[in-house]
Amino acid sequence: MSDREITAAARQSAKRLGIEVATMLAVIEIESAGKVYSTVGRGHEPLIRFEGHYFDRRLSGPARERARREGLAHPSAGKVKNPTSQAARWTMLNKAILIDAKAALESTSWGLGQVMGAHWKWLGFGSVDELVNTARGGAAGQVELMVRYIEKAGLKGALQRRDWAAFARGYNGPAFAKHGYHTKLASAYRRYAAGREPAAPSAAGMLRLGSRGARVRELQQLLLRAGQSLLVDGDFGPATHKAVMAVQKGANLEVDGVAGPQTMRALEAYRHGAGDRPGEQRVTEIGDVRDGIATGVGGGVSLEVVRRTIDDALYQVGTVPGLETISTGLAILAALLAIGGLVWAGIGWWRARRTVEAPT
């Protein structure tokens, strides 16, 4: 695939998504890690990654036993390791195909966007073979897979706003900030856009993909009351995104997955009075508070009990060399543990009440 092919595919997809070409080129570069094909044998093939836990779930009976025996399947994610070279990964895939072709292709992520074959029906393909053939058809095919995923996952708006954190949360998962996908996307965009800084996202001040914290918990609880199915965990992920879009559609609002003023007004009908604080955590429900009290304060109290036991023994038997020093050390350690536990609990309480709209 030449740079010309990639640029042509980026131009076409950018027009389709209503975004800048620089935005699409940035996404292609970061999601492909700068590489969009591999040399396998005498030809070029799209980059792949085989997921053994996907393969395991799609097999049964003798086929599953054989796959596990050959190291191609495992019930737990990450147990089947992918070789470093793409040629070796294609060899692994071909071995899996001999066991069950459809399951093997569905258990593989394809192309520069690393789209799972298992999504073939969701993405509008007639079969997994059609998805694979599209990926193997060149730059345009690989970008087509990525664009279909962006559209189906409701991420088009994030790219239109150049909201890198929201896009990365939806496309790369909850660990996006740890790996810096959003900052890499912003940097790549600036290069393609001749150094121009992206404007602040139009969703600034609103909850969206990548947001975390107390206001997200409140939103999630209101969405539950509105009949949506999701976990109240304070993380605005794909499930919350989908639930927000469902509410927006039902209220005849713009369906962008961003919980802005209009969406929040639509959800106010599910608030139980002016003083209702849906999703608010009690102090005892905050994990860091519990851990700080149990580990720090509890540990300090336990050490103090031990210290007093030693002091009682000293009172009974008189001075014992070294025990007084141990008693003093335990008293200091007990105090440090208690103070540390209270600080830990206090930080946990503070974090549970703050909201991060999107990582910077």
Self-check item: Environment charge of V128, counting only residues whose C-beta is closer than 10 Å and scoring Lys/Arg +1, Asp/Glu -1
Solution: -1
Quiz prompt | Listed candidates (i) 215; (ii) 227; (iii) 132 - label of the one calculated as volume of the Cα convex hull per residue in Å³ | solution = (ii)
Self-check item: Fewest-first ranking of D288, D276, D163, using other Cβ atoms within 10 Å as the exposure measure
Solution: D276, D288, D163
Practice problem: Just subtract the alpha-carbon distance of R66 and S302 from 0.36 nm times their residue separation and send over the number in nm, one decimal. | Solution: 79.6 nm
Self-check item: Candidates per chymotrypsin sites (Phe, Trp or Tyr not before Pro) in segment 27-136, loop by DSSP, up to 13 other Cβ within 10 Å
Solution: W122
Quiz prompt | E151 paired with K35, simple spin-label distance in nm, labels 7 Å along Cα-to-beta-carbon | solution = 3.0
Quiz item: Quick one: what Rg and Dmax do you get for segment 3-192 from the alpha carbons, in Å?
Solution: 16.9, 53
Exercise. Find out how many positive minus negative residues lie around K102, taking Lys and Arg as positive, Asp and Glu as negative, among other residues whose Cβ is under 14 Å from that of K102.
Key: -1
Quiz item: Are there trypsin sites (Lys or Arg not before Pro) in segment 172-275 that DSSP marks as loop and that have at most 14 other Cβ atoms within 10 Å, and which are they?
Solution: R196
Quiz item: What length, rounded to one decimal in nm, is gained on full extension from K102 through to Y270, with 0.36 nm per residue of separation minus their alpha-carbon distance?
Solution: 56.0 nm
Quiz item: At what distance in nm do the modelled label points of T295 and D129 sit from each other, each positioned 7 Å from its Cα along Cα→Cβ?
Solution: 5.4
Quiz item: Which order results if V143, V247 are arranged by neighbouring Cβ count within 10 Å, fewest first?
Solution: V247, V143
Quiz prompt | Candidates per GluC sites (Glu not before Pro) in segment 240-291, loop by DSSP, up to 15 other Cβ within 10 Å | solution = E254, E280
Exercise. Only Lys, Arg, Asp and Glu count, each charged at its Cβ (+1, +1, -1, -1), so figure out the dipole size of the chain about its Cα centre, rounded to 20 debye.
Key: 960
Practice problem: Express in whole angstrom the spacing between the alpha-carbon centres of segment 257-285 and segment 48-91. | Solution: 44
Quiz item: Efficiency by 1/(1 + (r/R0)^6): what FRET value for I310 and L231, r their Cβ-Cβ distance, R0 = 51 Å, to the nearest 0.05?
Solution: 0.60
Self-check item: Of every Cα-Cα pair in segment 62-112, the percent that sits beyond 12 Å
Solution: 65
Exercise. Note down the nm distance, to one decimal, between modelled labels 7 Å out along Cα→Cβ at H44 and at A8.
Key: 1.2
Quiz item: Which ordering of R277, R307 is given by a fewest-first count of other beta-carbon atoms within 10 Å?
Solution: R277, R307
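We did not get these values from a lab; they are worked out from the coordinates using the rules stated. Worth saying up front: this structure is predicted, and the values here are computed from it rather than measured. Quick reminder, even Gly has a Cβ in these numbers, built from the backbone with ideal geometry, and neighbours come from all protein chains shown.
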